[in-house]
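Remarks on the structure that follows.
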Amino acid sequence: YFVVWADDDGWSNSWQIYGARVSPAGTVLDPLGIAIVDLYTQENYWSTVAIAFNGLNYLVVWQDSLSDWNIYGARVNPAGVVLDPNGFAISTAANDQWFPSVTCAGTNYLVVWQDDRIGNLWDNILGVMVSQSGLVDTILIPICTEINWQYSPSVAFDGTNYLVVWHDYRSGD
């Protein structure tokens, strides 16, 4: 297993993304954690981390405040080697993108998030496919573009279909 988390270092108000491998018996194989995004090369705030496995590598996704809030990812192999040490951009559109979630259907990943690119506080739920080599598809998937506010999506795959769920305010609270 591979678990991931956002960790505040306690002194710079920045967050680091860490991971650790866990054996089937529950033994933590990386007790100090594996730095997925290095605090000392990118001083930002990271949070809302998600992970999926495609049978070959893990894809870790997070929201990052380098400029606006954006969605980034990095692949990690089962030996704990970070294949994309500085991460790669998944969505850096205008305004903010938050709360990423990721799942895998065979080789490719589907990443979804809350998106405010139109800037009217009527956030949408959007997604994009990411290949096993970390290439982000140029075709954006509009999952929910209804009026009002959709937020905090989560995605799963059942072997045939994707299911994306989210909180929705189109009819009020």
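The values are calculated or read from the model by the stated rules, or taken from the named source; none is laboratory data. All values reported here derive from a predicted model rather than from experimental measurement. Backbone-built Cβ (ideal geometry, glycine too); neighbour counts: all protein chains shown. Heavy atoms of the whole protein, side chains included, go into the accessibility calculation; ligands, DNA and RNA do not. Shrake-Rupley method; radii C 1.70, N 1.55, O 1.52, S 1.80 Å.
Listing for the model above:
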{"read-out": "Number of the exception - Leu110 against (1) open to solvent by 20 Å² or more (accessible area, probe 1.4 Å); (2) modelled with pLDDT of 90 or more; (3) among the aliphatic types (A, V, I, L, M)", "value": "(1)"}
{"read-out": "When residues of the stretch 13-32 are limited to those that are modelled with pLDDT under 95, assigned to a strand (DSSP E or B) and not polar (S, T, N, Q), the one nearest to Pro78 (Cα to Cα)", "value": "Tyr18"}
{"read-out": "Candidate set from the stretch 67-81 (those that are open to solvent by 30 Å² or more (accessible area, probe 1.4 Å) and modelled with pLDDT of 95 or more); member that is nearest to the chain's Cα centre (by Cα)", "value": "Arg75"}
{"read-out": "Members of the stretch 134-144 found to be assigned to a loop (DSSP other than H, G, I, E, B) and either of a type in the set (Lys, Arg) or over 16 Å from the mean Cα position of the chain (by Cα) (or both), listed by number", "value": "Thr138, Ile139"}
{"read-out": "Pair list, Cβ < 7 Å and 6+ apart or interchain, from the stretch 24-47 residues that are farther than 16 Å from Trp5 by Cα to residues that are open to solvent by less than 60 Å² (accessible area, probe 1.4 Å) and modelled with pLDDT under 65", "value": "Glu43/Ser12; Glu43/Ser14"}
{"read-out": "Residue in the stretch 134-146 that is touching a strand residue (DSSP E or B) at 6+ places or on another chain (Cβ under 8 Å) and under 21 Å from Ile36 (Cα atoms) present", "value": "yes"}
{"read-out": "Conditions (1) modelled with pLDDT under 95; (2) open to solvent by less than 70 Å² (accessible area, probe 1.4 Å); number of the one not met by Ser133", "value": "(1)"}
{"read-out": "One residue from Asp64, Asp116, Asp84 being at pLDDT 90 or above and of a type in the set (Asp, Glu)", "value": "Asp84"}
{"read-out": "Of all residues making up the stretch 145-173, the number that are open to solvent by 80 Å² or more (accessible area, probe 1.4 Å) and either in a loop (DSSP other than H, G, I, E, B) or touching a Gly at 6+ places or on another chain (Cβ under 8 Å) (or both)", "value": "9"}
{"read-out": "Every residue from the stretch 95-107 that is surrounded by 15 or more Cβ atoms within 10 Å (Cβ to Cβ) and either within 11 Å of the chain's Cα centre (by Cα) or outside any strand (DSSP E or B) (or both)", "value": "Asn95, Asp96, Gln97, Trp98, Phe99, Pro100, Ser101, Val102, Thr103"}
{"read-out": "Any chance Thr92 is among the polar types (S, T, N, Q), open to solvent by less than 40 Å² (accessible area, probe 1.4 Å) and touching a strand residue (DSSP E or B) at 6+ places or on another chain (Cβ under 9 Å)", "value": "no"}
{"read-out": "Qualifying positions in the stretch 115-133 - assigned to a loop (DSSP other than H, G, I, E, B) and more than 11 Å from Trp166 (Cβ to Cβ)", "value": "Asp116, Arg117, Ile118, Gly119, Asn120, Leu121, Trp122, Ser131, Gln132, Ser133"}
